[in-house]
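Have a look at the structure below, then the notes.
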Amino acid sequence: MGDSAVLNRTFRHVGFFYRTEDEYAATVARFLRDGLAADEPVFAAIPPARIALVRDALGADAPRVEFADMTEMGRNPAWIIPRVLAFTGQHAGRRVRYVGEPAWAARTAAELREATRHEALINLAFANADAEILCPYDTTELDPAVIADARRTHPVLLSDGRHGSSPGYAVPFQIPSSCSFPLPAPPDDVMSHTYRTDLSQVRALVLQHARTAGLTDARANDLVLAVSEVAANTLRHTRSHGTLTIWHDQDEIICEIHDDGTITDPLAGRRMPAPDAGGGHGLWLVHQVCDLVELRSDGTGTTVRMHMAIHPPLAGG
Amino acid sequence: MVKTGVDLLTTSVTTVESDGEPYTLVELAGEADVTNSDALREALEAEMAKQPGTLIIDLSGLRFMDSSALHVILRANRTMGRLGGVLALAGPREPVAKMLRLTAADQLIPVYATVSEATAG
């Protein structure tokens, strides 16, 4: 290892704004090939149609790249950081290269908010990592507000073939307001329940509503676990009651817990606790079993909104 | 038989003199959560104080288990290890088994489908 290897030990998080498939394939393939040439482990989590494009562009180099379908791996954007941390963990001591495309046009507004939050949190989770991360954004398909947020969450931008620092990037670390403002209000016809210590009743209510909404038993039990873990935090960390609110439409059931507690670690639940850790498993489980989790916490209290799709795109779960 | 928590969790303890090694069997039934995890910890600590070589926790009667109960079990696993004994889990229903997988607790503590498999294991 020469001095250059030491000097190269940096974290780079680049937002790549693209318009065409050709531009995408050429740029991502070049990024990955640069990694292969430097003998870096390379990983690309992108939507399936994009995997096909990049594989074609890489040709004989394609088998040396680890690919993942981002619509699966990152369906809940909170699953992405632990997956990439697992990849860097497998290659500890080596500089790694990762392409992650967490935002696509078919995502719901709530998912896009969480994709943006995920991008902001990448800067925290990998601040001390020896890693180069490229995040493609389809500027022809995505809402301009999503692109504007990508300018805020990426220190460096790659656009029209040119790298440049992003003037909008927030230093010190900041979550863009689009995903830290209060959540949109629930509909009028919600079920609301106040609890103090009777978590069994909380679980029974969630189970009953989950079944009515049409969740399978396995997914209903997932939601019960998630809500119970968040409600348990009310008992552990506050002296007051909590409120459970449940509603559903034809697409999803949502359970929301609000209490007076404060969650200060923005990465809570996004790093797998050591199996024998004395805490931290609760929010980890919440993120793992839900399709989407939105969390807002400040001095006035904490709201955790847990989403479960009624017809999940994937079997199992 | 000891009733614990808010009547949510039942803990019963038997010492089994099997053909092989004797073992202590703790059967849990109901719902194990933050409201009764202290009672669960006390029940397990009382049994571990007798220094059994093998402690098997039968989870088959548990409808629900949260991370508070998991922490009690993980702590019991460390205690058993320190005492030179072995802790094993038996018979988790799918929601509990899934939680053990997602936390990787099943990589620290052996999990068996049934108590008899645990005693053979």
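Each reported figure results from applying straightforward, stated rules to the coordinates on display, with no laboratory input. Everything numeric in this text was worked out from a predicted model, so none of it was measured. Glycine also receives a Cβ, built like all others from the backbone with ideal geometry; neighbour counts cover every protein chain displayed.
By other beta-carbon atoms within 10 Å, ranking A:H237, B:H71 with the fewest at the front produces A:H237, B:H71. Taking the Kirkwood radius as Rh and the Cα radius of gyration as Rg, the stretch A:151-269 has a ratio of Rg/Rh equal to 1.12.
Our coupling estimate for the stretch A:265-279, obtained by passing each phi through the Karplus curve with A = 6.51, B = -1.76, C = 1.60 and θ = phi - 60°, is 7, x, 9, 3, x, 10, 10, 5, x, 4, x, 9, 4, x, x Hz, Gly and Pro reported as x.
I need the per residue convex hull volume for the protein assembly as shown, using only the alpha carbons, in cubic angstrom as a whole number. Could the numbers behind the result be given before it?
Details: hull volume 74.7 nm³, N = 438.
Hull volume normalised by residue count: 170 Å³.
In order along the stretch A:163-178, the Karplus-derived 3J(HN,Hα) couplings, from 6.51 cos²θ - 1.76 cosθ + 1.60 at θ = phi - 60°, round to 8, x, 6, 8, x, x, 5, 8, 10, x, 3, 8, 8, x, 4, 4 Hz, and Gly and Pro are given as x.
Under the classification rounded if a/c is under 1.5, otherwise prolate if a/b is larger than b/c and oblate if not, where does chain B fall, given a ≥ b ≥ c as square roots of the Cα gyration tensor eigenvalues?
Numbers: a/c = 1.42, a/b = 1.21, b/c = 1.17.
Here chain B falls in the rounded category.
Picking from B:G30, B:G81, B:G53, which is most flexible by a Gaussian network model of chain B using Cα springs under 10 Å? Most flexible of the set in this elastic network: B:G81. Of A:F17, A:F11, the sequence from fewest to most neighbouring Cβ atoms within 10 angstrom is A:F11, A:F17. Entry note, chain A: the mean residue ellipticity at 222 nm calculated from DSSP H runs of n ≥ 4, each adding -39500 (n - 2.57), is -12000 deg cm²/dmol after division by the residues and rounding to the nearest 500. Here's how it looks for A:A44: its modeled amide H is under 5 Å from those of A:E66, A:F67, A:A68, A:V99, which are all 5 or more places away or on a different chain.
For B:S67, A:S240, which order do you get if you count the other beta carbons within 10 Å of each Cβ and list the fewest first?
Values: B:S67 27, A:S240 10.
Ascending Cβ contact count within 10 Å gives the list A:S240, B:S67.
The P(r) of the stretch A:1-92 has a tail past 22 Å containing 33 percent of all C-alpha pairs. For the stretch A:221-317, trypsin sites (Lys or Arg not before Pro) meeting the loop criterion (DSSP other than H, G, I, E, B) and having at most 10 other Cβ atoms within 10 Å: A:R239. Bridge orientation summary for the protein assembly as shown: considering DSSP beta bridges with both residues in this region, about 50 percent are antiparallel. Relative to the longest principal axis of the Cα atoms of chain A, helix A:48-58 runs at roughly 20 degrees.
Remark: mean inter-chain Cβ contacts per residue of B:93-102 equal 4, using a 10 Å Cβ-Cβ cutoff to other protein chain atoms.
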